[in-house]
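Notes follow the structure.
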Amino acid sequence: MNVLLDNFPAFRDGFIGTLSITLFSSAIALVLGIVIAGFRVSPVPPLRYFGTAWVTLLRNTPLTLLFLISAFVVPEVLFPGMSAYVLGSLALGCYTSAFVCEAVRSGINTVPLGQAEAARSIGMTFSKTLRLIVLPQATRTVLPPLSSIFIALTKNSAIAGAFSVTELFGWQKVLSDQGYDIVPIFIWVALGYLVITFTISGIFRLLERRLEVAR
């Protein structure tokens with residue numbers, strides 16, 4: 001308990017940092033994932049090819065390598081002066097968007113084809129059909145895998161601590177270097193992650209129940 005009380009500001013800042021990068025990266029991943037999923041089921045071949053290339057590349061690239069590229073290549077070539085927090089969030093969000101895309105695409109495939117054909121028969125465009133007809137029906141199927149994906153994103157955010165981003169896991173090395181016992185440090189860090197992941201799980205369970213009632 002002493003390690004928490006003696007270093008509460010450090011744990012607090014780390015927890016807020018982890019929560020912040022989780023929320024920011026999740027928003028990026030969700031928006032990009034839905035857009036790329038739309039590309040993957042699009043009737044336009046170049047968009048399908050782009051969506052397939054995006055998913056294949058990011059799903060098969062180690063997350064640490066993406067952080068290295070975002071920390072050392074992107075600031076030099078594309079966006080000089082961009083903060084480590086934004087670069088880390090972009091790396092984590094883009095990486096996770098590939099998994100969000102596949103979850104959304106699998107949900108889209110559960111919607112009967114007749115729904116889209118009926119929408120097209122009354123003159124609705126592809127984008128309007130996807131937005132108003134297909135995605136609302138796919139939401140129920142997509143929620144359970146999205147919960148697991150965002151929980152994994154929370155745990156993956158620990159990598160950001162190695163790239164000058166203030167987050168919870170990064171403080172364990174600082175405190176252990178100061179001579180504190182590593183076991184209580186890891187216990188408190190793990191509890192911080194559990195609070196965030198249990199909250200995510202609870203939110204998605206609540207959404208699933210609400211959609212079941214509306215069914």
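The values are calculated or read from the model by the stated rules, or taken from the named source; none is laboratory data. Everything numeric here is computed off the predicted structure, so don't read it as measured data. Ideal geometry is used to build each Cβ from the backbone, glycine not excepted, and the neighbour counts take in all protein chains shown. Just so you know, the surface numbers come from the protein's heavy atoms only, side chains and all, with ligands and any DNA or RNA stripped out. Shrake-Rupley method; radii C 1.70, N 1.55, O 1.52, S 1.80 Å.
Which sequence of Arg210, Arg120 reflects their accessible areas, 1.4 Å probe, from the largest down?
The ordering from most to least exposed comes out as Arg210, Arg120.
Any chance you could get the radius of gyration and Dmax over the Cα atoms of region 1-81, in Å?
Final numbers for Rg and Dmax: 18.4, 60 Å.
Over the chain, with a Gaussian network built from C-alpha contacts below 10 Å, which listed residue (Leu168, Leu113, Leu130) shows the highest mean-square fluctuation?
Top of the fluctuation ranking is Leu113.
Mind ordering 8-14, 23-29, 56-62 by average Cβ neighbours within 10 Å, highest first?
23-29, 8-14, 56-62
Under 10 Å, Cα contacts only: if you run a Gaussian network model on the chain, which one of Val142, Val86, Val73 comes out with the highest mean-square fluctuation?
Greatest mean-square fluctuation among the candidates belongs to Val73.
Just to be sure I understand: with springs between alpha-carbon atoms less than 10 Å apart, which residue in Ile149, Ile122, Ile16 has the highest mean-square fluctuation in the Gaussian network model of the chain?
Most flexible of the set in this elastic network: Ile122.
Shape call for region 42-83 from the C-alpha gyration tensor, a ≥ b ≥ c root eigenvalues: rounded (a/c under 1.5), prolate (a/b greater than b/c) or oblate?
It comes out oblate by the Cα gyration axes.
Per residue, what accessible area does the chain have, given a 1.4 Å probe and all protein chains present, in Å²? Display every interim value, and only then the final one.
Working: 11770 Å² over 215 residues.
With the other protein chains kept in place, the chain gives 55 Å² per residue.
Quantify, in whole percent, the carbon and sulfur part of the accessible surface of region 82-167 (1.4 Å probe; protein heavy atoms only).
61
P(r) tail for region 95-147, what percent of Cα pairs lie past 13 Å? Write down the numbers at each step before the final one.
Values: 781 of 1378 pairs.
Of the Cα pairs, 57 percent sit more than 13 Å apart.
When the dipole is taken about the Cα centre of region 100-215, and only Lys, Arg (+1) and Asp, Glu (-1) are charged at their Cβ, what size is it in debye, to the nearest 20?
The dipole magnitude comes to about 600 debye.
Specify the inter-centroid distance of region 91-135 and region 1-73, based on alpha-carbon positions, in whole Å.
Value for the Cα centre distance between the two parts: 21 Å.
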